[in-house]
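The values are calculated or read from the model by the stated rules, or taken from the named source; none is laboratory data. Not measured: the values here are computed from a predicted model. Neighbour counts run over all protein chains shown; Cβ positions are idealised from the backbone, glycine included.
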C-alpha cells in the first residue's frame with residue numbers, strides 16, 4: 001500500500017473551476033424576475049385602460065393615485081404575507097384579524113375619547129388620548145392575534161393553514177360577538193380629515209404613503225438584513241436553517257406577530273378612511289393578500305419573498321376593477337382576470353424552478 | 001476549558017497541487033496537553049430506540065490531525081454514533097469527552113459552539129439562497145457601525161470570503177450571487193463540505209460525504225478532508241467505500257452490532273481484515 005495515499009488522488013488544476021454557474025448580468029436578472037413581468041402587466045393594463053376609457057381618464061394622475069390609494073390597505077397586508085410565505089407559512093386569519101382589531105380599536109378609542117353620551121353627540125373631550133389608544137389597541141391587538149397564530153403553529157405543531165383557518169373563524173366570531181354584527185359608529189371624523197383623506201402637498205394620500213413606506217422598510221429588511229436572510233432560509237429549507245443554528249420557531253413567531261401587527265394597522269385604515277368598521281367584509285382579504293404576493297413573485301413553497309412584487313400585485317385587482325367600472329363593464333370580471341393571472345404567475349414560477357433544478 | 005480553540009477561516013497559499021485549504025490558527029503552544037488528549041473520546045456510549053439497541057457501549061477516540069474512517073455494515077450504529085457526537089441525538093448512557101473534559105452535548109447548536117461540525121448525507125443547504133449566503137448562514141458578517149447593529153449584512157465581504165474559502169478546496173465559482181438551487185447535486189455537496197470545513201474548529205464529522213459525487217469531486221472532498229486534518233481538526237468519516245478509506249484515512253474503526261470491534265491504523269489494515277471484522281466481528285488473515 002502506498003504510504004502517501006493522498007498524493008494518489010489527482011486533482012488537477014482543470015478541476016479547480018469545476019462549478020461553472022452562469023454569471024447573469026443585473027439586467028438579465030431583472031428581466032427574468034417575476035416582479036418585472038408583473039410590473040409589465042401593470043403598465044400594460046394602465047395603458048390599455050388609458051386608451052380604452054372615455055376621455056382617457058385612466059391616464060389622469062388623480063385616477064392612478066386613487067387606484068393606489070384603494071390598494072393601500074391590502075398592500076400592507078400583502079407585504080406581511082410575502083414574508084410569511086417566504087418563510088414557508090401562511091396566515092388565513094389576516095382578514096378577520098383586521099375586523100377584530102378595528103372593532104377593538106374603535107371601542108377603545110370611543111371609551112377614551114369621551115362618555116357614551118358625548119360620543120353620541122359627536123363631542124370628543126379627549127380626542128387625542130382616544131386616537132392614541134385606538135392606534136395602540138389596533139396594532140397591539142393585531143400583533144397579539146398574530147402571536148396566537150404563531151404559538152399554535154410553533155408550540156402545538158399545527159400546520160399554519162389549519163391553525164389560521166381555525167383562528168380566522170375565532171377572530172371573526174369574537175368580532176361579531178363584540179359588535180353584534182354591526183359596524184361601529186361614532187368614530188371621530190377628525191380621523192378622516194386629519195389622516196384618512198389627507199394628502200401630502202394636496203396630491204399623495206397619506207395612507208398610501210404609509211403603505212409605501214412600510215413596503216420600502218420591509219423590502220430593505222428582506223433584502224439586506226440577517227432577519228430577512230433567516231426568513232428566506234427557513235422557507236427554503238427548515239432543516240438547513242435549524243442546523244445553521246437559527247431558532248426557527250422564534251423566528252416564525254416573529255413573522256406571525258409582524259403580519260398580525262400589519263393586519264391591526266390595516267384595520268386602523270378602516271377607521272381613518274371610512275370612520276367605521278366593516279365586520280361583514282374582509283373575509284377574502286387573506287386570499288387576496290396571498291394572491292397579490294404570489295402574483296408579485298413570492299413563492300408558495302417558501303424561500304422567495306418579493307416585496308415590490310407584492311405591492312404591484314395588490315394593484316392588479318384594483319386596476320382591473322376601476323378600469324372595468326369606468327368602461328361600464330361589470331366589475332365582477334376583475335375576479336376572472338385576477339384568477340387567470342394568478343394561475344399564470346404560479347405556472348411561471350413552477351416552470352422557472354423546474355428549469356433551475358435541471359440546470 | 002476551550003481557550004486554545006482555533007478560530008475562523010484563514011487564507012493559506014496553494015499547496016503543491018494547486019488546491020488551497022482552509023488554514024486554522026495554530027493551536028496555542030501553551031496548550032500542550034492537547035497533543036496527548038483525544039479531541040473527542042467516547043466511553044461506553046449506549047443508545048436504544050425502543051427495543052432496538054443501536055449502540056451497546058461504544059469506545060472511540062478521534063484525534064486531532066487524523067482522519068478516522070468509521071466503517072461497518074448497515075445498522076452497525078455508525079450514523080447513530082455520529083448523531084450523538086454532533087448533538088442530534090442524546091445518548092442513554094456513557095461518557096463523551098472533548099479534549100479530556102467530560103461534556104454533554106445538548107443540541108446541534110451546542111456541538112457547533114464546541115467546534116464540532118457535521119456534513120449530513122442529506123444536504124444541509126437552503127436551495128433558494130446564494131452560495132455565499134449558504135456558507136455564512138447562522139454566522140453572517142454584518143456591516144460595521146449602526147447598519148450592523150440594525151442587522152444589515154456585509155454581503156460584499158461574505159462573497160469575497162466565500163470565494164477564498166471555496167478556492168481553497170478547489171472550487172471556482174463565476175457567480176457568488178447564483179442560487180444554490182442552480183448547482184448540481186455534486187456541486188452542492190462540495191459546497192456543504194466547504195461550509196463545514198470553514199466552520200469546524202474541533203472536529204469534522206462526515207456521513208457518506210461522497211455518495212452523490214463523481215470521481216473528481218470526490219477527490220476534491222478527500223483532499224479537503226486531509227487539509228482539514230492537517231490543520232488541526234479531528235476528522236471522522238463514515239463511508240461504505242472501504243478501499244478508498246484505506247487510502248485516505250489514518251485510522252479505521254470497524255463497527256458491528258452497536259460496538260466498535262476494532263480500531264487500527266489504516267496502514268496496518270487490509271480490505272479482507274476490515275470486511276471480516278464488519279461481518280464476523282473478528283479479523284481474517286491479513287492476506288488481501
Q: Determine if region A:86-109 includes at least one residue that is at pLDDT 80 or above, closer than 17 Å to residue A:320 by Cα and touching a helix residue (DSSP H, G or I) at 6+ places or on another chain (Cβ under 7 Å).
A: no
Q: Count, please, the residues in region A:226-282 that happen to be within 30 Å of residue A:180 (Cα to Cα) and not in a helix (DSSP H, G or I).
A: 8
Q: Could you check residue A:71 against (1) part of a helix (DSSP H, G or I); (2) more than 14 Å from the chain's Cα centre (by Cα) and say which number it fails?
A: (2)
Q | Matching residues in region B:241-252 - criterion: being touching a helix residue (DSSP H, G or I) at 6+ places or on another chain (Cβ under 7 Å) and under 14 Å from residue B:221 (Cβ atoms) | A | B:247, B:248, B:249
Q. When region A:322-333 is examined, which residues are found to be more than 11 Å from residue A:49 (Cβ to Cβ), at pLDDT 75 or above and in contact with a helix residue (DSSP H, G or I) (Cβ under 6 Å, 6 or more places away or on another chain)?
A. A:333
Q: Determine whether residue A:137 is at pLDDT below 95 and in a helix (DSSP H, G or I).
A: no
Q. Of these, A:196, A:228, which one is in contact with a strand residue (DSSP E or B) (Cβ under 9 Å, 6 or more places away or on another chain), within 12 Å of chain B (Cβ to nearest Cβ) and crowded, with 20+ Cβ neighbours inside 10 Å?
A. A:228
Q) In this structure, is residue B:249 closer than 21 Å to residue B:63 by Cα, buried (at least 21 other Cβ atoms within 10 Å of the Cβ) and in contact (Cβ under 8 Å) with a residue 60 or more places away in the chain? A) yes
(Q) Show me the helices (runs of 4 or more DSSP H) entirely contained within region B:46-160 in which 2 or more residues are facing chain A (nearest Cβ under 10 Å) and in contact with a helix residue (DSSP H, G or I) (Cβ under 9 Å, 6 or more places away or on another chain). (A) B:108-113, B:131-136
**Q.** Hits in region B:220-240 (condition: away from chain A (no Cβ under 13 Å) and out of contact with any helix residue (DSSP H, G or I) (no Cβ under 6 Å at 6 or more places or on another chain))
**A.** B:231, B:232, B:233, B:234, B:236, B:237, B:240
Q | Breaking point among (1) assigned to a helix (DSSP H, G or I); (2) in contact with a strand residue (DSSP E or B) (Cβ under 8 Å, 6 or more places away or on another chain); (3) over 24 Å from residue B:39 (Cα atoms); (4) facing another protein chain (nearest Cβ under 9 Å), for residue B:177 | A | (1)
Q. In region A:292-307, is there at least one residue being in contact (Cβ under 8 Å) with a residue 24 or more places away in the chain, over 24 Å from residue A:223 (Cβ atoms), in contact with a helix residue (DSSP H, G or I) (Cβ under 7 Å, 6 or more places away or on another chain) and not in a loop (DSSP other than H, G, I, E, B)?
A. no
Q) Restricting attention to region B:194-209, does a residue exist that is out of contact with any helix residue (DSSP H, G or I) (no Cβ under 9 Å at 6 or more places or on another chain), within 14 Å of chain A (Cβ to nearest Cβ), part of a helix (DSSP H, G or I) and at pLDDT below 90? A) no
